[in-house]
1. Inside the stretch 193-204, can you point out the residues that are free of Cβ contacts under 8 Å to residues at least 60 places away in the same chain and open to solvent by 70 Å² or more (accessible area, probe 1.4 Å)?
2. Failed condition for residue 80, given (1) touching a Phe, Trp or Tyr at 6+ places or on another chain (Cβ under 6 Å); (2) assigned to a loop (DSSP other than H, G, I, E, B); (3) under 22 Å from residue 213 (Cα atoms), with all others met?
3. Against the condition more than 21 Å from residue 187 (Cα to Cα), assigned to a loop (DSSP other than H, G, I, E, B) and open to solvent by 30 Å² or more (accessible area, probe 1.4 Å), how does residue 48 come out, does it pass?
4. Residue 124 fails exactly one of the following numbered conditions: (1) under 26 Å from residue 196 (Cβ atoms); (2) under 18 Å from the mean Cα position of the chain (by Cα). What is the number of that condition?
5. Among the residues of the stretch 85-114, write down those that are in contact with a helix residue (DSSP H, G or I) (Cβ under 9 Å, 6 or more places away or on another chain), closer than 27 Å to residue 226 by Cβ and not β-branched (Val, Ile, Thr).
6. So is residue 20 of a type outside the set (Ser, Thr, Tyr), surrounded by 22 or more Cβ atoms within 10 Å (Cβ to Cβ), at pLDDT 95 or above and farther than 24 Å from residue 89 by Cα or not?
7. Using beta carbons and a limit of 7 Å, which pairs, at least six apart or on different chains, have the first residue in the stretch 49-75 and in contact (Cβ under 8 Å) with a residue 40 or more places away in the chain and over 19 Å from residue 107 (Cα atoms) and the second one open to solvent by 40 Å² or more (accessible area, probe 1.4 Å) and in a loop (DSSP other than H, G, I, E, B)?
8. Within the set of pairs 6 or more residues apart or between chains, which connect a residue that is at pLDDT below 95 inside the stretch 157-178 to a residue that is open to solvent by 20 Å² or more (accessible area, probe 1.4 Å) with Cβ atoms less than 6 Å apart?
Amino acid sequence: MTTYLLVHGAWHSGQCWERVVPLLASAGHRVFAPSLTGHGDKAHLLGPEVGLDTHVDDIVGLITEEDLTDVVLVGHSYAGLVISSAANRVPDRIARLVFLDAMVPEDGESAADVQPITQVLIDNATKSGPGWRVPPLPELPPPAGLFGVTDPADVAWLRTMLSDQSVRCLQQPVRLDNPAVHTIPRAHIHCVAGMPEGIVRRPVPAAEPVWELPTGHDCMITMPTEVADLLRRLA
(Lines give C-alpha, C1' and ligand atoms only; values in the text may rest on other atoms or scores of the structure.)
Protein backbone atom coordinates (compact mmCIF):
# COMPACT_ATOMS: atom_id res chain seq x y z
CA MET A 1 0.00 0.00 0.00
CA THR A 2 1.23 3.48 -0.92
CA THR A 3 0.12 6.70 0.74
CA TYR A 4 -0.68 9.46 -1.73
CA LEU A 5 -1.22 13.06 -0.71
CA LEU A 6 -2.72 15.03 -3.60
CA VAL A 7 -2.46 18.82 -3.39
CA HIS A 8 -4.60 21.00 -5.64
CA GLY A 9 -3.44 24.15 -7.39
CA ALA A 10 -4.48 27.78 -7.14
CA TRP A 11 -8.20 28.59 -7.20
CA HIS A 12 -9.17 24.90 -7.02
CA SER A 13 -10.20 22.66 -4.13
CA GLY A 14 -9.56 19.08 -3.12
CA GLN A 15 -12.71 18.16 -5.04
CA CYS A 16 -10.76 18.35 -8.30
CA TRP A 17 -9.21 14.94 -7.44
CA GLU A 18 -12.62 13.30 -7.15
CA ARG A 19 -12.07 11.13 -10.23
CA VAL A 20 -8.53 10.09 -9.32
CA VAL A 21 -8.96 9.20 -5.64
CA PRO A 22 -11.23 6.14 -6.14
CA LEU A 23 -8.94 4.76 -8.83
CA LEU A 24 -6.01 4.77 -6.41
CA ALA A 25 -8.08 3.66 -3.43
CA SER A 26 -9.57 0.72 -5.32
CA ALA A 27 -6.01 -0.53 -5.91
CA GLY A 28 -5.50 -0.65 -2.15
CA HIS A 29 -3.70 2.64 -1.66
CA ARG A 30 -4.31 5.27 1.00
CA VAL A 31 -5.24 8.64 -0.50
CA PHE A 32 -5.63 12.13 0.93
CA ALA A 33 -6.89 15.06 -1.16
CA PRO A 34 -7.49 17.99 1.23
CA SER A 35 -8.66 21.47 0.37
CA LEU A 36 -6.11 24.13 1.30
CA THR A 37 -7.09 27.04 3.54
CA GLY A 38 -9.35 29.43 1.64
CA HIS A 39 -10.69 26.79 -0.75
CA GLY A 40 -13.44 24.19 -0.88
CA ASP A 41 -14.80 23.47 2.58
CA LYS A 42 -12.30 26.01 3.94
CA ALA A 43 -13.30 28.83 1.54
CA HIS A 44 -14.69 30.88 4.44
CA LEU A 45 -11.15 31.13 5.85
CA LEU A 46 -9.80 33.07 2.87
CA GLY A 47 -8.24 36.39 3.83
CA PRO A 48 -5.27 38.59 2.97
CA GLU A 49 -3.16 36.82 5.60
CA VAL A 50 -3.49 33.45 3.83
CA GLY A 51 -0.28 32.70 1.96
CA LEU A 52 1.99 29.97 0.72
CA ASP A 53 3.17 29.37 4.28
CA THR A 54 -0.44 28.79 5.34
CA HIS A 55 -0.83 26.09 2.73
CA VAL A 56 2.48 24.50 3.67
CA ASP A 57 1.24 24.41 7.26
CA ASP A 58 -1.94 22.69 6.02
CA ILE A 59 0.03 19.89 4.37
CA VAL A 60 2.67 19.46 7.07
CA GLY A 61 -0.10 19.48 9.69
CA LEU A 62 -1.98 16.71 7.90
CA ILE A 63 1.17 14.61 7.51
CA THR A 64 2.07 14.90 11.18
CA GLU A 65 -1.47 14.57 12.56
CA GLU A 66 -2.08 11.41 10.52
CA ASP A 67 1.49 10.22 11.21
CA LEU A 68 2.04 9.65 7.49
CA THR A 69 5.33 8.21 6.25
CA ASP A 70 6.70 7.20 2.84
CA VAL A 71 4.29 9.68 1.26
CA VAL A 72 4.06 10.22 -2.49
CA LEU A 73 3.41 13.95 -2.38
CA VAL A 74 1.75 15.22 -5.55
CA GLY A 75 1.41 18.92 -6.34
CA HIS A 76 -0.60 20.32 -9.23
CA SER A 77 0.24 23.73 -10.71
CA TYR A 78 0.83 26.27 -7.87
CA ALA A 79 1.03 23.36 -5.44
CA GLY A 80 4.47 22.56 -6.81
CA LEU A 81 5.56 25.33 -4.42
CA VAL A 82 3.49 23.91 -1.58
CA ILE A 83 4.89 20.39 -1.81
CA SER A 84 8.44 21.71 -2.15
CA SER A 85 8.31 23.72 1.06
CA ALA A 86 6.39 20.97 2.86
CA ALA A 87 9.05 18.42 1.94
CA ASN A 88 11.70 20.84 3.16
CA ARG A 89 10.09 20.69 6.62
CA VAL A 90 9.44 16.94 6.86
CA PRO A 91 11.79 15.29 4.32
CA ASP A 92 12.00 12.06 6.32
CA ARG A 93 8.28 11.45 5.71
CA ILE A 94 8.33 11.92 1.93
CA ALA A 95 9.11 9.05 -0.45
CA ARG A 96 8.72 11.02 -3.69
CA LEU A 97 7.68 14.40 -5.01
CA VAL A 98 5.51 14.45 -8.13
CA PHE A 99 5.10 17.75 -9.97
CA LEU A 100 1.86 17.45 -11.93
CA ASP A 101 2.02 20.17 -14.58
CA ALA A 102 3.38 22.18 -11.70
CA MET A 103 5.63 25.08 -10.83
CA VAL A 104 9.09 23.79 -9.89
CA PRO A 105 10.82 26.36 -7.67
CA GLU A 106 14.32 26.96 -6.42
CA ASP A 107 15.03 28.11 -2.88
CA GLY A 108 13.69 31.61 -2.21
CA GLU A 109 11.47 31.80 -5.29
CA SER A 110 7.81 32.79 -5.32
CA ALA A 111 5.14 31.84 -7.81
CA ALA A 112 5.83 35.10 -9.63
CA ASP A 113 9.49 34.12 -9.98
CA VAL A 114 8.75 30.65 -11.31
CA GLN A 115 5.93 31.74 -13.62
CA PRO A 116 6.46 35.45 -14.45
CA ILE A 117 2.99 35.87 -15.95
CA THR A 118 1.72 35.47 -12.38
CA GLN A 119 2.94 38.99 -11.67
CA VAL A 120 0.30 40.32 -14.07
CA LEU A 121 -2.40 38.67 -11.94
CA ILE A 122 -0.90 40.16 -8.79
CA ASP A 123 -0.72 43.65 -10.33
CA ASN A 124 -4.33 43.45 -11.52
CA ALA A 125 -5.53 42.31 -8.11
CA THR A 126 -3.73 45.03 -6.18
CA LYS A 127 -5.25 47.72 -8.43
CA SER A 128 -8.87 46.67 -7.98
CA GLY A 129 -11.34 45.75 -5.26
CA PRO A 130 -9.85 44.97 -1.85
CA GLY A 131 -6.43 44.57 -3.41
CA TRP A 132 -5.59 41.07 -2.23
CA ARG A 133 -7.96 38.72 -4.06
CA VAL A 134 -6.97 37.10 -7.35
CA PRO A 135 -10.00 35.73 -9.23
CA PRO A 136 -9.78 32.48 -11.21
CA LEU A 137 -8.47 32.71 -14.74
CA PRO A 138 -11.17 33.19 -17.39
CA GLU A 139 -12.27 30.49 -19.79
CA LEU A 140 -10.48 30.72 -23.13
CA PRO A 141 -11.43 29.33 -26.54
CA PRO A 142 -10.47 25.68 -27.12
CA PRO A 143 -8.03 24.07 -26.77
CA ALA A 144 -7.08 26.19 -23.73
CA GLY A 145 -10.59 26.19 -22.25
CA LEU A 146 -10.93 26.62 -18.48
CA PHE A 147 -7.62 25.37 -17.07
CA GLY A 148 -7.44 23.06 -20.06
CA VAL A 149 -10.96 21.70 -19.58
CA THR A 150 -13.19 22.08 -22.65
CA ASP A 151 -16.07 19.62 -22.24
CA PRO A 152 -19.12 21.75 -21.30
CA ALA A 153 -20.25 19.43 -18.50
CA ASP A 154 -16.75 19.28 -17.05
CA VAL A 155 -16.37 23.06 -17.32
CA ALA A 156 -19.62 23.52 -15.39
CA TRP A 157 -18.43 21.09 -12.70
CA LEU A 158 -15.04 22.78 -12.47
CA ARG A 159 -16.65 26.18 -11.96
CA THR A 160 -18.36 24.88 -8.81
CA MET A 161 -14.99 24.32 -7.12
CA LEU A 162 -13.14 27.50 -8.13
CA SER A 163 -12.66 30.42 -5.74
CA ASP A 164 -10.40 33.44 -5.36
CA GLN A 165 -6.75 33.10 -4.35
CA SER A 166 -4.92 35.39 -1.94
CA VAL A 167 -2.14 37.50 -3.46
CA ARG A 168 0.09 36.44 -0.57
CA CYS A 169 0.07 32.86 -1.88
CA LEU A 170 1.76 34.04 -5.05
CA GLN A 171 4.28 36.31 -3.32
CA GLN A 172 5.71 34.27 -0.45
CA PRO A 173 8.96 32.44 -1.18
CA VAL A 174 9.60 28.73 -1.10
CA ARG A 175 12.14 27.44 1.41
CA LEU A 176 14.47 24.67 0.27
CA ASP A 177 17.27 25.13 2.78
CA ASN A 178 17.19 21.64 4.29
CA PRO A 179 19.87 19.50 2.56
CA ALA A 180 17.71 16.39 3.04
CA VAL A 181 15.00 17.72 0.72
CA HIS A 182 17.37 17.48 -2.23
CA THR A 183 17.73 13.72 -1.77
CA ILE A 184 14.00 13.03 -2.27
CA PRO A 185 13.29 11.46 -5.70
CA ARG A 186 11.30 13.71 -8.00
CA ALA A 187 9.17 13.07 -11.07
CA HIS A 188 7.23 15.28 -13.44
CA ILE A 189 4.01 14.90 -15.42
CA HIS A 190 3.51 17.49 -18.15
CA CYS A 191 0.22 18.29 -19.86
CA VAL A 192 1.11 19.14 -23.43
CA ALA A 193 -2.19 20.23 -25.02
CA GLY A 194 -3.84 23.62 -24.90
CA MET A 195 -1.07 25.49 -23.08
CA PRO A 196 -2.05 29.18 -22.88
CA GLU A 197 0.28 31.84 -24.25
CA GLY A 198 2.79 33.18 -21.76
CA ILE A 199 3.21 30.00 -19.72
CA VAL A 200 6.86 29.01 -19.22
CA ARG A 201 8.03 25.48 -18.41
CA ARG A 202 11.52 25.09 -17.05
CA PRO A 203 13.84 22.33 -18.28
CA VAL A 204 13.84 19.23 -16.10
CA PRO A 205 17.16 17.75 -14.93
CA ALA A 206 18.08 14.62 -16.86
CA ALA A 207 17.99 12.48 -13.71
CA GLU A 208 14.31 13.25 -13.06
CA PRO A 209 11.75 11.25 -15.08
CA VAL A 210 9.14 13.09 -17.14
CA TRP A 211 5.87 11.78 -18.54
CA GLU A 212 3.59 13.66 -20.93
CA LEU A 213 -0.19 13.58 -21.16
CA PRO A 214 -1.95 14.78 -24.34
CA THR A 215 -4.44 16.94 -22.48
CA GLY A 216 -4.89 20.34 -20.87
CA HIS A 217 -3.75 21.60 -17.48
CA ASP A 218 -6.43 20.04 -15.25
CA CYS A 219 -5.55 16.49 -16.26
CA MET A 220 -7.06 15.04 -13.09
CA ILE A 221 -10.41 16.04 -14.57
CA THR A 222 -9.80 15.29 -18.25
CA MET A 223 -7.60 12.16 -17.96
CA PRO A 224 -8.07 10.75 -14.43
CA THR A 225 -7.36 7.14 -15.41
CA GLU A 226 -4.08 8.05 -17.03
CA VAL A 227 -3.08 10.23 -14.06
CA ALA A 228 -3.85 7.43 -11.62
CA ASP A 229 -1.91 4.92 -13.74
CA LEU A 230 1.15 7.15 -13.75
CA LEU A 231 0.94 7.75 -10.02
CA ARG A 232 0.76 3.99 -9.40
CA ARG A 233 3.88 3.53 -11.51
CA LEU A 234 5.66 6.07 -9.31
CA ALA A 235 4.75 4.29 -6.05
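1. Within the stretch 193-204, 195, 197, 201, 203 meet the criteria.
2. That leaves (2) as the condition not met.
3. yes
4. (2)
5. Result: 86, 87, 97, 99, 100, 101, 102, 103, 105, 111.
6. Criteria met by residue 20.
7. Filtered contacts from the stretch 49-75: 72/235.
8. Hits for this filter: zero, empty list.
The values are calculated or read from the model by the stated rules, or taken from the named source; none is laboratory data. This structure is a prediction, so every number in the text was calculated from the model and none was measured. Using ideal geometry, Cβ is built from the backbone for each residue, glycine included, and neighbour counts are taken over all protein chains shown. These accessible areas exclude ligands, DNA and RNA; they are computed on the full protein's heavy atoms, side chains included. Shrake-Rupley method; radii C 1.70, N 1.55, O 1.52, S 1.80 Å.
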